[in-house]
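Okay, so here's the structure we're looking at.
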Amino acid sequence: MGKHANYGQRVEQEKEQGPRPMWRGIGCLLIVLIIAMSYAGAVELVNANAKNGWIMVPPEIRGSLPMIPGLNLQISYAELIVAFFLAVFGFGMFVIVYSFIYRIGAPKTKDISVHDI
């Protein structure tokens, strides 16, 4: 073999698999944060609806789900339903904001046209 035996072969660099661990941790914290904020917002919305009567809530949904029998902690079905929709909205907004930030911060790639070849 000559000096330039591997001339036609490209040596592929080993790429990282998935995001870095720091970003995984931030993503995990954001998931917990969005869910907690959704539940807190749901509690406030359900309480405000009870005071102001914006939407008629059926009695079946006003019932509560006993979470921990030893504690007097109960979560109503209405809170869970509203929290679900707020979480979907929160994750949707997060995806939209992330896509804008990624688009702005991504490295620019050079488009190769036929004239460049």
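The values are calculated or read from the model by the stated rules, or taken from the named source; none is laboratory data. Just so it is clear, the model here is predicted, and its values are computed rather than measured. Glycine also receives a Cβ, built like all others from the backbone with ideal geometry; neighbour counts cover every protein chain displayed.
What about Ile61, is it β-branched (Val, Ile, Thr) and without any contact (Cβ under 8 Å) to a residue 12 or more places away in the chain?
Answer is no for this residue.
Suppose we filter region 51-93 for residues that are of a type in the set (Val, Ile, Thr) and farther than 30 Å from Gly27 by Cβ; how many remain?
Total meeting the criteria: 3.
Kindly indicate which of Ala40, Ala78, Ala83, Ala87 is in contact with a Lys or Arg (Cβ under 9 Å, 6 or more places away or on another chain) and at pLDDT 90 or above.
Ala78
Please enumerate the residues belonging to region 66-102 that are under 17 Å from Asn47 (Cβ atoms) and assigned to a helix (DSSP H, G or I).
Step one: of region 66-102, the residues under 17 Å from Asn47 (Cβ atoms) are 73-83, 85-86.
Of everything in region 66-102, those that are under 17 Å from Asn47 (Cβ atoms) and assigned to a helix (DSSP H, G or I) turn out to be Tyr77, Ala78, Glu79, Leu80, Ile81, Val82, Ala83, Phe85, Leu86.
Give just the number: which of (1) touching a residue at least 40 places away in the same chain (Cβ under 8 Å); (2) at positive phi does Tyr39 not satisfy?
(2)
Among the residues that make up region 23-35, is at least one of them at pLDDT below 80, surrounded by 10 or more Cβ atoms within 10 Å (Cβ to Cβ) and not in a helix (DSSP H, G or I)? Walk me through how you get there before you give the answer.
Residues of region 23-35 at pLDDT below 80: 23.
Narrowing further to those that are surrounded by 10 or more Cβ atoms within 10 Å (Cβ to Cβ): 23.
Okay, now just the ones that are also not in a helix (DSSP H, G or I), so none.
So far as region 23-35 goes, no, none of its residues is at pLDDT below 80, surrounded by 10 or more Cβ atoms within 10 Å (Cβ to Cβ) and not in a helix (DSSP H, G or I).
So, in region 36-62, how many residues would count as being touching a Phe, Trp or Tyr at 6+ places or on another chain (Cβ under 6 Å) and surrounded by fewer than 12 Cβ atoms within 10 Å (Cβ to Cβ)? Quick ask: steps written out before the conclusion?
Step one: of region 36-62, the residues touching a Phe, Trp or Tyr at 6+ places or on another chain (Cβ under 6 Å) are 61.
If we keep only those that are surrounded by fewer than 12 Cβ atoms within 10 Å (Cβ to Cβ) too, we end up with none.
Total meeting the criteria: 0.
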